[in-house]
Amino acid sequence: MQLSRNASLKAYNSFGFEVSAEYLAIVTTLDELMSALVFCAENKLSLLVVGGGSNLILTQDICGLVVVNRIALKHVESVSDGDFLVTAGAGENWHEFVRWTLMQGYNGLENLSLIPGTVGAAPMQNIGAYGVEIKDRMEYLDALDQESGEVCRFTKDECGFGYRDSFFKRIHAGRYIIISVTFRLSAKLELVLDYSGLSAVVERLGIEVPTALQISDLICDIRRSKLPDPDVIGNAGSFFKNPVISEQQCAELTRRFPALVSFADQPGLRKLAAGWLIDQLGWKGHCEGAVGVYDKQALVLVNYGEGSGVDILSLAQAIQTSVADRYGVLLEIEPRTYP
Ligand code: FAD
Ligand code: NAP
């Protein structure tokens, strides 16, 4: 285990905020993770587990121990009918893992290409993009229970997955440290293209029968054209969740704002495009000191260099207030705030 004191976390949060950790441990195996927890308990330190730091808002220096999970592992088991159970260590880079599965001919994760971060953090908020969520492909995960010290297995039905949500994020925040995730992937090709004009793009490109790898390439191209690269401009992806409201509230809003963008959700509910609401209020491209709203996607808040977590939260609050005043809708922040 690599342990340091008063360590900068700038490289461990995709906003690039300059905050430090009292102690920082980088763990590459389960044994090292256990040692880090012993160190934590012996010194009565609080604990924060970090993967790629791409869904975090760090507002000030972190007291206690920050553990960076770099547990690496890949394992494949062939099951029935062309299906494979593919396991990855929590510290594997998500996008590299997705590309690796596709290169091996294990299809299923292509729509989730180029999402930053680690495999272990992906179930935390049930990552999703282009009509696929991790819950659609996950079989089970293994997590270390900090209360009992035991490794527990959770099937996907036991994870309480919802829209950008799981039981690990909500009820048991901080209790379980995910150490590996197992996916059911397939040699068969069952592409999900009915989202966000994906099939139209495939048609325009003249690809008759696309492979999963081609879809992954396409999604990478689209994402690179729309989203800021955190290595260049600090950000945590979508800053707000898309609000889900009742059909009745949506109908009333559509009467007042006929261009309102909404999508079918659970029965009786509709999902609004938060980016559209923010854009309509003129926030896109708005700068406030060193932070701002990305000029190509109003849902993404950015740090142009010297901004802080406090600056981002203050901008977020101004946006929330303006959306609530105009539309009567509360925007919920998606990334986790620490401390
Ligand atoms: P971190 O930010 O390090 O951690 C997030 C949370 O998980 C924290 O609470 C942390 O304590 C906890 N955690 C981390 N690892 C573990 C572990 N092993 N065990 C227990 N808890 C853990 N998200 C989407 O859903 N869809 C997208 O399309 C998408 N696009 C994005 C695009 C950009 C440009 C960016 C910057 C972000 C995007 N995100 C997206 C958000 C983010 O990439 C995901 O939420 C990702 O899963 C976060 O992974 P991470 O390793 O960086 O997590
Ligand atoms: P987009 O395709 O421009 O769509 C805008 C919004 O409309 C998205 O938020 C999406 O909701 C919703 N949407 C579009 N088509 C839909 C459909 N057929 N059914 C239901 N909802 C639909 O969005 P984008 O910003 O370029 O992102 C593309 C995908 O990547 C989206 O799935 C988005 O969630 C994901 N993404 C997530 C993050 C993050 O940090 N969480 C960051 C970047 C991109 P959903 O968001 O619910 O899919």
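Within region 247-272, which residues are open to solvent by less than 40 Å² (accessible area, probe 1.4 Å) and closer than 22 Å to GLU334 by Cα?
Within region 247-272, CYS250, LEU260, SER262, LYS271, LEU272 qualify.
I'm trying to understand the selection: among the residues of region 185-222, which are within 30 Å of SER78 (Cα to Cα), within 16 Å of ligand 2 (Cβ to nearest atom) and open to solvent by less than 30 Å² (accessible area, probe 1.4 Å)?
The answer is ILE215, SER216, LEU218, ILE219, CYS220.
Looking at (1) closer than 21 Å to ASN55 by Cβ; (2) within 16 Å of ligand 1 (Cβ to nearest atom); (3) in contact with a Gly (Cβ under 7 Å, 6 or more places away or on another chain), find the lone condition where ASP295 falls short.
Only one criterion is unmet by ASP295, namely (1).
What are the residues in region 84-104 that are touching a residue at least 60 places away in the same chain (Cβ under 8 Å) and open to solvent by 30 Å² or more (accessible area, probe 1.4 Å), if any? First the steps, then the outcome.
Step one: list which residues in region 84-104 are touching a residue at least 60 places away in the same chain (Cβ under 8 Å), which gives 84-91, 98-99, 101-103.
PHE84, ARG99, MET103, listed by residue number.
Can you tell which of ALA324, ALA264 is more than 16 Å from ligand 2 (Cβ to nearest atom) and aliphatic (A, V, I, L, M)?
None of the others qualify; the one that does is ALA324.
What are the residues in region 27-68 that are of a type outside the set (Val, Ile, Thr) and under 20 Å from CYS152 (Cα atoms), if any?
LEU30, ASP31, GLU32, LEU33, MET34, SER35, ALA36, LEU37, LEU47, LEU48, GLY51
Would you please list the contacts, defined by Cβ atoms under 6 Å and residues six or more apart or on different chains, that run from a residue in region 299-312 that is under 16 Å from ASN55 (Cα atoms) to a residue that is open to solvent by 30 Å² or more (accessible area, probe 1.4 Å) and of a type in the set (Gly, Ala, Ser)?
Taking only residues 6 or more apart or on different chains, the pairs are LEU299/SER238.
Just to verify a result, which residue in region 128-153, among those that are in contact with an Asp or Glu (Cβ under 7 Å, 6 or more places away or on another chain) and in contact (Cβ under 8 Å) with a residue 24 or more places away in the chain, is nearest to LEU33 (Cα to Cα)?
Within region 128-153, the match that is nearest to LEU33 (Cα to Cα) is VAL151.
For ILE26, indicate whether it is under 19 Å from VAL232 (Cα atoms) and assigned to a strand (DSSP E or B).
No.
Suppose the filter is touching a strand residue (DSSP E or B) at 6+ places or on another chain (Cβ under 6 Å) and of a type in the set (D, E, K, R); does GLU32 pass it?
In short, no.
It is to be established whether one or more residues within region 171-178 are assigned to a strand (DSSP E or B), aliphatic (A, V, I, L, M) and either open to solvent by 30 Å² or more (accessible area, probe 1.4 Å) or away from ligand 2 (no atom under 16 Å from the Cβ) (or both).
Within region 171-178, one or more residues are assigned to a strand (DSSP E or B), aliphatic (A, V, I, L, M) and either open to solvent by 30 Å² or more (accessible area, probe 1.4 Å) or away from ligand 2 (no atom under 16 Å from the Cβ) (or both).
Which of (1) within 12 Å of ligand 2 (Cβ to nearest atom); (2) under 28 Å from LEU85 (Cα atoms); (3) open to solvent by 50 Å² or more (accessible area, probe 1.4 Å) does VAL244 not meet, given it meets every other one?
(2)
Residue-wise test of (1) touching a residue at least 60 places away in the same chain (Cβ under 8 Å); (2) under 17 Å from the mean Cα position of the chain (by Cα); (3) in a strand (DSSP E or B).
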site: ALA11; (1), (2), (3): no, no, no
site: PHE15; (1), (2), (3): yes, yes, no
site: ALA21; (1), (2), (3): no, no, yes
site: ASP31; (1), (2), (3): no, no, no
site: SER35; (1), (2), (3): no, no, no
site: PHE39; (1), (2), (3): no, no, no
site: SER54; (1), (2), (3): yes, yes, no
site: ILE57; (1), (2), (3): yes, yes, yes
site: GLN60; (1), (2), (3): yes, no, no
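Is there any pair linking a residue in region 223-238 that is farther than 15 Å from PRO335 by Cβ to one that is within 10 Å of ligand 2 (Cβ to nearest atom) and of a type outside the set (D, E, K, R), with Cβ under 6 Å and at least six apart or on different chains, and which?
ARG223/LEU114; LYS226/GLN297
Only one of these conditions is not met by THR182: (1) open to solvent by 20 Å² or more (accessible area, probe 1.4 Å); (2) more than 14 Å from ligand 2 (Cβ to nearest atom); (3) in contact (Cβ under 8 Å) with a residue 60 or more places away in the chain. Which number is it?
Going through (1) open to solvent by 20 Å² or more (accessible area, probe 1.4 Å); (2) more than 14 Å from ligand 2 (Cβ to nearest atom); (3) in contact (Cβ under 8 Å) with a residue 60 or more places away in the chain one by one, THR182 breaks only (1).
Would you please name the residue that is nearest to LEU47 (Cα to Cα), looking only at residues in region 112-147 that are within 16 Å of ligand 2 (Cβ to nearest atom), open to solvent by 10 Å² or more (accessible area, probe 1.4 Å) and part of a strand (DSSP E or B)?
First pass over region 112-147, keeping only residues within 16 Å of ligand 2 (Cβ to nearest atom): 112-118, 121-137.
From what is left, the residues that are open to solvent by 10 Å² or more (accessible area, probe 1.4 Å) are 114-118, 121, 124-125, 127-131, 133, 135-137.
The next check asks that each one be part of a strand (DSSP E or B); those that pass are 118, 128-129, 133.
Values: THR118: 18, GLY128: 27, ALA129: 30, GLU133: 28 Å.
Checked region 112-147; the qualifying residue nearest to LEU47 (Cα to Cα) is THR118.
The values are calculated or read from the model by the stated rules, or taken from the named source; none is laboratory data. Since the model is a prediction, treat every value here as computed from it, not as a measurement. Positions of Cβ are backbone-derived with ideal geometry, glycine not excepted, and every protein chain shown enters the neighbour counts. Heads up: the accessible areas ignore ligands, DNA and RNA and are worked out on the full protein's heavy atoms, side chains in. Shrake-Rupley method; radii C 1.70, N 1.55, O 1.52, S 1.80 Å.
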